[in-house]
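The next block holds one structure in the form of structure tokens; read it before the comments.
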Amino acid sequence: MNAPLRLGVNIDHVATLRNARGSDYPSPVRAAEMAIAAGADGITAHLREDRRHIRDGDIDALALLLRRLGRPLNFEMAVTAEMEAIALAHQPHAACLVPERREEVTTEGGLDLIKGRAHIAPVVTRLAAAGIRVSCFIDADLDQAAAAKAMGAQVVELHTGAYCDAVREGDPSAAGHLGRLQTAAAEAERLGLEVHAGHGIDFATVTAISAIPQVVELNIGHFLIGESVFLGLPAAITQMRTLMNQVRGGSGS
Ligand code: PXP
């Protein structure tokens with residue numbers, strides 16, 4: 001029997017829509033509340049350095065809401081002193097460390113924990129010492145998984161973007177990307193790391209990713225928020241959960 005698979009809903013792009021008008025609508029906090037009611041296990045939000053979508057006040061409100069609901073906040077953050085201070089002040093359930101470049105449209109690749117070890121490892125140590133579960137967003141690479149373990153991270157989130165892009169484009173490299181995700185997930189679990197996966201997941205790719213038995217959490221944002229324009233947020237989440245559950249069973253929540 002496979003471990004249950006949790007769904008974290010990333011609500012960043014509700015804030016993107018809000019910010020397009022410079023008003024306070026639609027609210028990412030309302031989206032988080034609806035997502036939990038519709039069956040999400042937790043909420044992910046990325047406070048980018050440039051605040052292009054989620055803002056500081058959103059993190060304050062999301063932290064309060066999720067504490068009240070007893071659900072986890074997965075705080076996505078660049079490895080900077082500013083973001084570390086915000087994480088330490090809010091004490092989210094988890095902090096997912098991601099690379100960030102101002103000019104990128106979205107997170108383009110995993111963290112390089114080997115090149116960045118001297119810079120990243122002390123942040124992992126301090127966040128973990130504060131009781132925050134530290135997740136490192138990495139490409140499906142065995143050396144990166146080993147580096148995450150060596151730094152004391154408890155979780156790795158495997159970057160599924162290359163696989164999902166290949167499926168969407170009908171590119172034959174998809175099978176190879178999926179194989180690398182499967183191998184990295186098995187190795188990460190063997191090292192004692194909890195394995196999450198995220199980026200670019202949609203209805204067409206969620207089944208194969210959910211079938212990787214070591215993966216216990218998916219974090220999905222852009223597609224779900226986009227699909228909610230057509231289906232509504234609860235229906236989009238329900239459909240995603242149904243596809244996940246067909247492979248893995250429910251979250252137990
Ligand atoms: N996981 C991480 C670490 C991410 O950076 C993102 C994008 O913010 C996601 C998951 C969600 O990706 P998407 O919005 O493509 O579903």
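The values are calculated or read from the model by the stated rules, or taken from the named source; none is laboratory data. None of the values given here were measured: they were computed from a predicted structure. Cβ sites come from the backbone with ideal geometry, for glycine too, and all protein chains shown count toward neighbours.
Things worth noting here:
- Total residues in the stretch 105-136 satisfying the condition of being in a helix (DSSP H, G or I), surrounded by fewer than 18 Cβ atoms within 10 Å (Cβ to Cβ) and within 15 Å of the ligand (Cβ to nearest atom): the figure is 0.
- Verdict on Asp139 being more than 16 Å from the ligand (Cβ to nearest atom), among the acidic types (Asp, Glu) and within 24 Å of Thr160 (Cα to Cα): no
- Unique residue being within 16 Å of the ligand (Cβ to nearest atom), surrounded by fewer than 20 Cβ atoms within 10 Å (Cβ to Cβ) and among the hydroxyl-bearing types (Ser, Thr, Tyr) when the list is Thr183, Thr207, Thr160: Thr207
- Just one of (1) within 25 Å of Val79 (Cβ to Cβ); (2) in contact with a strand residue (DSSP E or B) (Cβ under 7 Å, 6 or more places away or on another chain); (3) within 13 Å of the ligand (Cβ to nearest atom) fails for Gly200. It is (2).
- Among the candidates His93, His46, His53, the residue that is away from the ligand (no atom under 13 Å from the Cβ) and at negative phi is uniquely His93.
- None of Glu76, Glu104 is at pLDDT below 95 and either out of contact with any Pro (no Cβ under 8 Å at 6 or more places or on another chain) or within 23 Å of Leu233 (Cα to Cα) (or both) except Glu104.
- Scanning the stretch 1-42 for residues that are away from the ligand (no atom under 16 Å from the Cβ) and of a type in the set (Ser, Thr, Tyr) yields Ser23, Tyr25, Ser27.
- The condition (being in contact with a Cys (Cβ under 6 Å, 6 or more places away or on another chain) and within 24 Å of Val216 (Cβ to Cβ)) is satisfied by just one residue among Leu97, Leu65: Leu97.
- All of (1) buried (at least 20 other Cβ atoms within 10 Å of the Cβ); (2) away from the ligand (no atom under 14 Å from the Cβ); (3) farther than 26 Å from Gly70 by Cα hold for Leu193 with one exception: (3).
- Flag if Ile59 is within 16 Å of the ligand (Cβ to nearest atom), within 14 Å of the chain's Cα centre (by Cα) and buried (at least 16 other Cβ atoms within 10 Å of the Cβ): no
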